[in-house]
Each structure stands twice: as C-alpha cells, then as structure tokens.
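Notes to accompany the following structure.
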Amino acid sequence: MALVQIFSCIVIVLSIIQFIQNPRREKTPFDIPLLIFIVMRILSVLLSTDIGVSLHVFRTEIPFYFLFYAISQNRNIMHEQFVQSLIGMFVAGAVIGSLYGTTFVLLGQQARAESLTSGYYTLGSFLAAVLAIILFLGKSKIFESKRWVWFGLVLVITVGLILTLNRIHWVIMVLLFISIGIIQERKLLIAAIVLLGCLLWLSPSIRNRFDQTIHFKENLSGRDVIWKGAAMIWSNHPVLGYGPATFKKVFPIQKELEDTNVGGWHNDYIQIYIESGFLGLMTFLWLIYTIYSQVFIKYRKMKSSKENKRILLALAASMGTIFISSTTGSGFLDILIRILFVILLAMTSLLMQVEEGDAVNQLQKTNAH
C-alpha cells in the first residue's frame, strides 16, 4: 500500500511539473464530473459528524482520484502503446494473483482464494475487471496469432475468480461469458459451462456457494441487517451525509450484527449516500452516466482503428464490473480497486484523445489538398 501511495504521489507531482512547464491541457468529458464528485467527498469530510474519523480520506482516497488527471494529461507518451502496456501490466497482475490464490486453496491452506496483497473480495473485483478486458480482446491483434495464450489466460483467471467464492463476481463472470459467447466466442462459452460443471461436481464448497447464489435472498450474510440500518438513518443527513468512515459511529443496530468487525455498508452506492448524501450519490451516478454516454458516442464515431474500438469496449466493460461489484461489497470504494478504476478511466480518455487527434490530422490533410 505504501508503494502504491508513493508511486501515485510521484506521478501526480511529475504531472504538476509538466503542467507548470506547459499549461496547455487536453480537456476530457470526464474532468468535471469526477472533479465535482471529489469536491462532494471533501465537503462531506469537512461537515462530517466526526471529522477526526473522516480525515483519513485525505490520505487514503482523495489523492488517488488525481491519478486520472495526471495520466490523462500526459502528452509525452504514445497513447495507444501506453494503454496496451497498462493492459499487459493488469493481465500479469491478475495471473499472478489468481495463481497465488488458487495454489493456496488447492494446498488446503486457505478456504477462499486471496492474493498476496488483498482479501478475496478485492481479488475477485480485480480478476473480474481484468477478465472483462481479456474476453473483449479475444479477436484483437494482441492475441490474433496466440489464441492458445488467450485461452490460457482466460482459464487461469476464471479458476481464480471461481475459487474466491464471491457470488457477485460469479454473476459478473457468467454475464461476461454469455455476452462474449453470443457475440464472438461460442466455443469459449461451451468450455466455460463444462469447466463450471466440473468444479461444481468436484468441490463441495463451490457447490454449496452456488446454491447460496441461487437462493441469494436467503443468504445475504448479514447484508439485510446492514441495509435495514441504512434505511433507518438515511433521511437524517440527506444533503452531504454523515461523513466518510462513520459507519460504526452512526449504525443504529449494532447488536443485530453477527460480525462485529463490519466497518462498511456492503454497498458502495448506499455508502456514498450515507457518507456524502444525496449530492455525493448524484455526482457519482452522473460520472457513471458520463462514462457510458461518451463511450457510446465515441464508439459509434470511431473510424481510424478497429483495434482501438475493441480496447475502448473492453475498458468500458471492465469499469462496468467494478460498478456491479459495488452493489454487494466494497468495489469502487476499495482503495486498490479505486486506483484501478481511475487508471481505466484515464486509459479510456487517452484512447478518445487518439481518435480526436487522428480526426484533426485527417482534416488538416484534407485542407492542405
């Protein structure tokens, strides 16, 4: 975590120096929605019911949002190559995390797959996000002549994702396989069904978890109590909320919780509302709307590269897995997944800049002729 914070600070400082040397900046459609969301989070800290508890957000959350601006404004890089390098880095990290978690589960040392640096839910969120990228890039130039590598990556990450035993990530995985299977990978869809069937047959824990997934309402793992508590206090501070990290201070029915170590609302949308109020939640939803409306518009207009269209779609799907993960646990609000999200958003912005640059160059050539 310390290394991630140091890296992030270095990137932000370098971007500030670059901006001072050359104040000209590239505008992106995500600048204002993200900035307003940051402002709402800061205001909710300053007006918190316990500012001492909420202040840690300035160390663990707020600085990392600015990674988006630092990366998306970097003019000294080849955008397409940089985006592909980041994708490669994420895939490598997912493979390592998946193999690590899978190995310890198979050795009987862990009941659920975890990575070296995080628990099973964070690992599941990360693997689901990377799996979306890999699946949507199956027909790309990256894997065009190395289909066996692509199948291997999908297999390794899928097994690791299944062994996290995270039900929401299983749902995301199934949606991804169905979507990509219908679009372009029918053989993969069949293989995934066979793999899941084998694991259900071989593993009682996976079989039991699968049954809990089907009967989700009867197996909420205490979420029903947590969300009932949220319903009891949601109207008390509706504008800017109670402040970040105030769960244990404001949760009204602590005695009904089976797990006394619970420290959050197990739903990022509820958590953002309770912590930052209606304004915080609306700005977050506005950011999500802006992402997908702009991706849809840009995807339809993209003409220069089918490869870039595939990557843009892959990035949008990857961010979508994070938003879905946020419905039953800490997805977006998990510090590591938040960093992943802002980098994915910056990568999306860079690809859009590539397309706009190509359009400008084409216009200049046309005018010259």
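Checked against a 23 Å cut-off, the cross-linked pairs 146/306; 187/217; 139/187; 27/301 give Cα-Cα distances beyond that limit for 187/217. Sorting 89, 173, 282 from the fewest to the most surrounding beta carbons within 10 angstrom yields 89, 282, 173. In the Gaussian network model of the chain, springs joining C-alpha atoms below 10 Å, which of 264, 280, 160 carries the largest mean-square fluctuation? Largest GNM mean-square fluctuation: 264. Close amide H contacts of residue 113 (hydrogens built in the peptide plane, cut-off under 5 Å, sequence separation of 5 or more or a different chain): 164, 165. Taking a quarter of the surface of the Cα convex hull of the stretch 77-219, what do you get in nm²? Taking a quarter of the hull surface, the average projection is 9.5 nm². Between residue 26 and residue 85, how high is the FRET efficiency from 1/(1 + (r/R0)^6) when r is the Cβ-Cβ distance and R₀ = 25 Å? Nearest 0.05. FRET efficiency, residue 26 to residue 85: 0.80. By other beta-carbon atoms within 10 Å, ranking 56, 169, 79 with the fewest at the front produces 56, 79, 169.
Just so you know, all these numbers are worked out from the coordinates, no wet-lab data involved. This structure is a prediction, so every number in the text was calculated from the model and none was measured. Glycine gets a Cβ as well: all are built from the backbone with ideal geometry, and neighbour counts include every protein chain shown.
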